[in-house]
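Down below is the structure, laid out as structure tokens.
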Amino acid sequence: MRWRSNRHSKNIVDRRAGGGNRLVGGGIGTIVVILAALYFGIDPSFLIEGMQTASVSDSASHPKGEDLANDPLADRVSRVIADTEQVWQAVFAEKGQRYEEPRLVLFRGATRSACGLGEAAMGPFYCPADQNAYIDLGFYQELEQRFGAPGDFAQAYVIAHEIGHHVQNLLGISGEVQKMRQRLSEPESNSLSVRLELQADCLAGVWAKRSQNLLLEEGDLEEALNAASAIGDDRLQRQTRGTVTPDSFTHGTSEQRRRWFKRGLEQGEPDSCDTFSTGKL
């Protein structure tokens, strides 16, 4: 994967200097809080969670291109975000709409979001409430070593997927899905979540197709398709549980994720990503 442009996004927020999530006061402080909570009849886990959330570092910087020279991963995601900004600005303009740029928050360990405490174990995520995407760049090492999905275009796909969720949020799709999920049974709610995630995969493909700056090289497409497959629900459940439970799927199977990303990449049109009207995912 190569770039025609050297542009970096101004919407990168770097919180990694905080160093993760620590309890204030260490072990003794925690014991004092537990004893006090029990004395006053308060659930101690509530207070401990509050301490953890409050202790996550708020320190952040907005790195520029020259700041990223010795930080290849951050440099790469900054370029990807910059390119998604250009692509989605053009797509929204075609429909007479304005694209509101999201921010990408880099963190290490844990960080605050308007959707609650975000942790590295959750993987990359998007929060509609603050229109921020979040990633601990250590996820890329896990993507390569645990899931067997290396490569710079695989990494770009992960970011583009989260920006796909931002597009869904701006279009009102995420909000409507959330309302519907609250009225449904768990399997039905999971089914809607799958459709939302597959649409984000397809929108990631639309970005890759539409990009004027992204130059794909031999093997790049397979990297992205491999990454999509690696984090399919069926594959993850088989690895962790040994069994597969389709009713509990929330992101789609490996085959579905590959297919919808490829659909967006081939068609290059957001309208081709209507996962909610199709009978076959």
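Here, each number is a calculation from the coordinates, and none is a lab measurement. Please read these numbers as outputs of a predicted model, since none were measured by experiment. Virtual Cβ from ideal backbone geometry, glycine too; neighbours counted across all protein chains shown.
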**Q.** Within-10-Å neighbourhood charge of residue 88 [Cβ basis; K, R +1; D, E -1]
**A.** -3
**Q.** Exposure proxy order (Cβ contacts within 10 Å, fewest to most) of 217, 101, 223
**A.** 217, 101, 223
Q. Ranked from highest to lowest mean number of other Cβ atoms within 10 Å per residue, what is the order of the peptides 142-151, 240-249?
A. 142-151, 240-249
Q. So how do 88, 260, 3 line up by other beta-carbon neighbours within 10 Å, fewest first?
A. 3, 88, 260
Q. Within straight cross-link reach of residue 280, meaning Cα distance under 24 Å, which lysines are found once same-chain residues fewer than 8 apart are removed?
A. 179, 209, 262
Q.
Counting other beta carbons within 10 Å of each residue's own, what order do 216, 192 fall into, fewest first?
A. 216, 192
